[in-house]
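What follows is one structure encoded as structure tokens, with my remarks underneath.
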Amino acid sequence: DEHRGEGDDYGDAATMGALRQLYAGYAWADVASLEPAAAAGRAVRGAATVQCVVAGGGTARFAAGLRRESVVDVAGVVSLPREPVRGTTHQLVEIQVEKLHCISRAVSNLPISVEDAARSEEDVARAKAAGEQLVHVGQDRRLDYRVIDLRTAANQAIFRVQCQVENMPLSEGFVGIHTPKLIGGSSEGGAAVFKLDYNGQPACLAQSPQLHKQMAVCGGFERVFEVGPVFRAEGSDTHRHLCEFVGLDVEMVLRDHYSEVCEVVDRLFVAMFDHLNKNCARELEAIQRQYPFKPLKYLETTLRLDYDQGIRMLQEAGVHVDPMGDLNTYDTEFYMLCRYPSAARPFYTMPCSDDPRYSCSFDVFVRGEEIISGAQRVHAPELLVAQAEARGIDVRTIAAYIDSFRSGAPPHGGFVVGLERVVMLFCGLGNIRKTSLFPRDPRRLAP
Ligand code: AMO
């Protein structure tokens, strides 16, 4: 109540206080279905709407003057609607308004409307076929006015799903860490870095937590993970590249073999997919309504193939363009390719002991696109120096990293998951900008 100040108010303080308690007890979507608050954390705000009916008099005049997207407090009696309201899905009840208070007014000329932004392409096409003109808000315009666009049910759901994905390593005993984002040089190869001046020293924005997450393992942490920004000065404007994305990095001590890392990926992802399908059904439904997609096909134990085996299958099938397409014969859209050629991997990757032309590395694919890169790392400083020099890296720029393996370093490996890519591909969204709250692509630095 201290935050009132928009003048007109048709409720007394006590009622408004009680109303807020009601909201605290019932999640937004559940007000409509009158389910108790057990599922409060799970409800999708905005996925359900409730119609408020104003009978007449001063409240009606006040309501008529309210503009779309204004924020209001409402108190009234919940009743059954006389007839279902067009275009709503959860319209089980409505509210006969007794009191109405405007907390924040929206301007009259909003650049886009939530209704327009929430429309699926199918809706627009159907209306067009019926001779009706519906506004279709293109992606750039949505992103320009992202604060309004984010209010659609699908967008609310996308970021709730993303939040479920990012904490998954906690279940396997990984400790969350934070590594520096201002660093002295590149870790993943020279090209794609944002350079900057660090008090007179050349520096760049971290391309990956790679070197520091490994140093954390050298520092005695057996299993670490980090959810943080990763900066890549990508020149290519594609559906799956951002200049700043969220990396879900993992690094762990190995006992014998890098397959231990693959097993962690398998357990985490199968459990995560199961969890999303079971516990985020409402979110997925809300996304489906605006962006229809088929549920992801995955196996109980993730399919793992050697890179060579995958390539052979492709050749046999005569596939040249979509490199992963053929693996669909396994009835899974989630799989790992292992043992990549060493030349195709960064300097810190461990070569295979039986054939150093190949490496202890893997990539993971969802619906044919890469979401994870991972590997065992070289923990012997001499080999590390040799591999860096062979790739033309000036080892003086990574001296502290290399030195950290001289004071005793356990065998270790890890991987990174591109958070936006996982959500994009799990939900078949087709463009990474849909799963980034305020995306940064080669052309976009605002909002
Ligand atoms: P890599 O560079 O292959 O590996 O990146 C791994 C994963 O990060 C995501 N990704 C991106 N997502 C959005 N926009 C981009 N521009 C972009 N670039 C990469 C993808 C990709 O699978 N240090 C190693 C990983 C490791 O071995 O731990 C690395 O950074 O999902």
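Points worth noting:
- Values of log10 I(q)/I(0) for segment 365-447 across q = 0.15 Å⁻¹ run -0.78, by the Debye formula with one identical scatterer at each alpha carbon and no solvent.
- Under Karplus coefficients 6.51, -1.76 and 1.60, residue-wise ³J(HN,Hα) of segment 61-70 in Hz, glycine/proline x: 4, 5, 4, 4, x, 6, 9, 3, 6, 5
- Flagged links, alpha-carbon separation over 28 Å, of K294/K434; K128/K278; K128/K294; K278/K434: K128/K278
- The ellipsoid equivalent to the alpha-carbon distribution of segment 89-138 has semi-axes of 29, 18, 9 angstrom, derived from the gyration tensor eigenvalues as √(5λ) and listed largest first.
- Globularity ratio of segment 121-192, using Cα Rg and 2.2 N^0.38 Å: 1.85
- For T49, the residues whose modelled amide H falls within less than 5 Å of its own, excluding neighbours fewer than 5 places apart on the same chain, are T89, H90.
- Built amide H within the under 5 Å cut-off of L303, gap 5+: M336
- Value of D in µm² per second that Stokes-Einstein yields for segment 125-254, Kirkwood Rh from Cα pairs, at 37 °C (0.692 mPa s): 183
- Translational diffusion of segment 326-388, estimated by Stokes-Einstein from the Kirkwood radius over alpha carbon pairs at 4 °C in a medium of 1.567 mPa s, is 103 µm² per second.
- If the convex hull is drawn through the Cα atoms of segment 222-308, its volume per residue in Å³: 182
- Residues whose amide H comes within less than 5 Å of that of V366, counting only those at least five positions distant or on another chain, are I371 (H built at 1.01 Å from N in the peptide plane).
- At 1.567 mPa s and 4 °C, Stokes D of segment 47-180 from Kirkwood alpha-carbon radius, µm² per second: 71
- Quick note on segment 307-447: its Rg to Rh ratio, both from C-alpha atoms and Rh being the Kirkwood radius, is 1.04.
Bear in mind that the values in this text are calculations on the coordinates, not laboratory data. This is a predicted model, so every value here is computed, not measured.
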